[in-house]
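A.B. asks: My structure is below; once you've seen it, I'll send some questions.
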Amino acid sequence: MEQYIIRGGTALNGEVEIGGAKNAALGILAAAIMTDEEVLIENLPDVRDVNVMLEAMIQIGVKVDRRDRHSVVLCGADIGDVNIEYEYIKKIRASYYLLGALLGKYKKAEVPLPGGCNIGSRPIDLHLKGFKALGATVTIQNGSICAVAQALKGRHIFLDTVSVGATINIMMAASMAEGRTVIENCAKEPHVVDVANFLNSMGANIKGAGTDVIRIVGVEKLHSTEYSIIPDQIEAGTYMFAAACTGGDVTVRNVIPKHLEATISKLLEIGCDIEEFDTAVRVKAPARLSCANVKTLPYPGYPTDMQPQIGVALSMAEGTSIVTESIFENRFKYLDELARMGAVSKVEGNTAVISGVEKLTGARVSAPDLRAGAALVIAGLAAEGITMIDDIIYIQRGYENFDLKLRGLGAKIECVNSEREARKFVLMVG
Ligand code: UD1
């Protein structure tokens, strides 16, 4: 089993190139099968979630031609099956986007019901509510969601909770429904807008993505397109916090600074200097970070996917901070791991009180999930001594070449496969 081994205490310096947004890619890949024509997708991140999604698509008959690591040509003309296997949904929840895509195109789809996951129970009732409103009959049989419709009809749909997944899934199905759909209380995340832009480039008629209300006029057919995915704001934010926590000076390149506003505002609050350019942001850390309170919220609020990263920063900041997680119920597990590195915190319900310590010390920890795992890497980079991180398969779901990019910034980190390799690393880094 691969592990990351880190010798902490080196300030990160230099420039790092950010890849395409994983969460946008997952929606866009699903949407791409809604046409029988070829679709070229560029700036595709080469991460595990994307690769599993492509495997799930191959399984139902989608032609996948990987041009290079970051571009793929897809063709959904020969789809012979509308049932996704459990093996894929287990590995990647977002393969449920194929439900909306297949339902829109073929008026039927079957996808295993995703269970809970490490960050919470994550129901998908709103996705199903939307499909039903469009006229689909939705049943749960033998652990799978079966959605079937004679015809999908545009409707007025109000989402009870702001949900990225439900917004994207319903938007895809409604793109090929008859007539007008209005979705209210939509998620406004940049990747919702990216999926809408992608569908529009295939001939869909979607207006208002990025606001609370999305209006869609259904079309009969979608067509071929070429599309480049937006940069990953969470990958960017992770490197920005890595700079902040290690006393570094890092420029993240190929980003859309507007998408990073909430992250930038918190970095400023905890004492960092920020310089914004057209497609880059530079973060300079202070001698010691300051405490701050933070509450996760749907976009444009502070992202839940950046909560563990700021939690690590606050664990080393001067003073006591309060972190409120308002999106998922189980997103503080990393604090138990961080305690092994000397952090001091107390969790009550959806709130964590973090008392900053002067320094963290290296320890052996496990990645509880994707973003929490990335946050523990940041902790290891900042800590004194050696940190070993287990279960990095979670981290590899969403970060391309994480250790390589960090080494490019001067970090002492290696991905190792055995005790022997780990010992060799320790010998090398001294
Ligand atoms: C997406 C992101 C994930 C991010 C999250 C919040 C992808 C692939 N994943 O997840 O990285 O952390 O947005 O920004 O894009 N909810 C319901 N019923 C539903 C759907 C959601 O109650 O049918 C609730 C969820 O439990 C959660 C909240 O709504 O409390 C927001 O979840 P949602 O925005 O749907 O998250 P995902 O799309 O799963």
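The values are calculated or read from the model by the stated rules, or taken from the named source; none is laboratory data. Quick caveat: nothing in here was measured; it's all calculated off a predicted structure. Methodologically, a virtual Cβ is constructed for each residue, glycine included, from the backbone with ideal geometry; neighbour enumeration extends over all protein chains shown.
A.B. asks: Got at least one residue in region 176-190 being surrounded by 24 or more Cβ atoms within 10 Å (Cβ to Cβ), in a strand (DSSP E or B) and within 16 Å of the ligand (Cβ to nearest atom)?
C.D. replies: yes
A.B. asks: On to the next question. Those residues that are within 8 Å of the ligand (Cβ to nearest atom), crowded, with 19+ Cβ neighbours inside 10 Å and farther than 17 Å from residue 109 by Cα, I need them from region 149-166; list them, please.
C.D. replies: Passing the criteria: 162, 163, 164.
A.B. asks: Here is a list of conditions, (1) under 29 Å from residue 188 (Cα atoms); (2) away from the ligand (no atom under 15 Å from the Cβ), and residue 327 meets all of them except one; can you say which number that is?
C.D. replies: Here residue 327 clears every test but (2).
A.B. asks: So, one more: When region 89-120 is examined, which residues are found to be surrounded by fewer than 23 Cβ atoms within 10 Å (Cβ to Cβ) and more than 12 Å from the ligand (Cβ to nearest atom)?
C.D. replies: Passing the criteria: 90, 91, 106, 107, 108, 110, 112, 115.
A.B. asks: I've got another one for you. On the basis of being touching a residue at least 40 places away in the same chain (Cβ under 8 Å) and either within 22 Å of residue 58 (Cβ to Cβ) or not hydrophobic (A, V, I, L, M, F, W, C) (or both), does residue 126 make the cut?
C.D. replies: Here the answer is no, as residue 126 does not meet what is asked.
A.B. asks: Which of the residues that make up region 269-307 are part of a loop (DSSP other than H, G, I, E, B), away from the ligand (no atom under 16 Å from the Cβ) and either at positive phi or surrounded by fewer than 16 Cβ atoms within 10 Å (Cβ to Cβ) (or both)?
C.D. replies: Matches in region 269-307: 271, 277, 278, 279, 286, 287, 288, 293.
A.B. asks: If the requirement is being farther than 28 Å from residue 407 by Cα, more than 14 Å from the ligand (Cβ to nearest atom), surrounded by fewer than 16 Cβ atoms within 10 Å (Cβ to Cβ) and at pLDDT 95 or above, which of these qualifies: 354, 322?
C.D. replies: 322
A.B. asks: Quick one: in region 364-410, which of the residues that are among the small types (Gly, Ala, Ser) and within 16 Å of the ligand (Cβ to nearest atom) is surrounded by the fewest Cβ atoms within 10 Å (Cβ to Cβ)?
C.D. replies: Once the filter is applied, the top-ranked residue is 398.
A.B. asks: Please verify whether region 122-131 includes one or more residues that are more than 9 Å from the ligand (Cβ to nearest atom), crowded, with 21+ Cβ neighbours inside 10 Å and at pLDDT 95 or above.
C.D. replies: yes
A.B. asks: Quick check, is residue 403 within 22 Å of residue 252 (Cβ to Cβ), touching a strand residue (DSSP E or B) at 6+ places or on another chain (Cβ under 9 Å) and not hydrophobic (A, V, I, L, M, F, W, C)?
C.D. replies: yes
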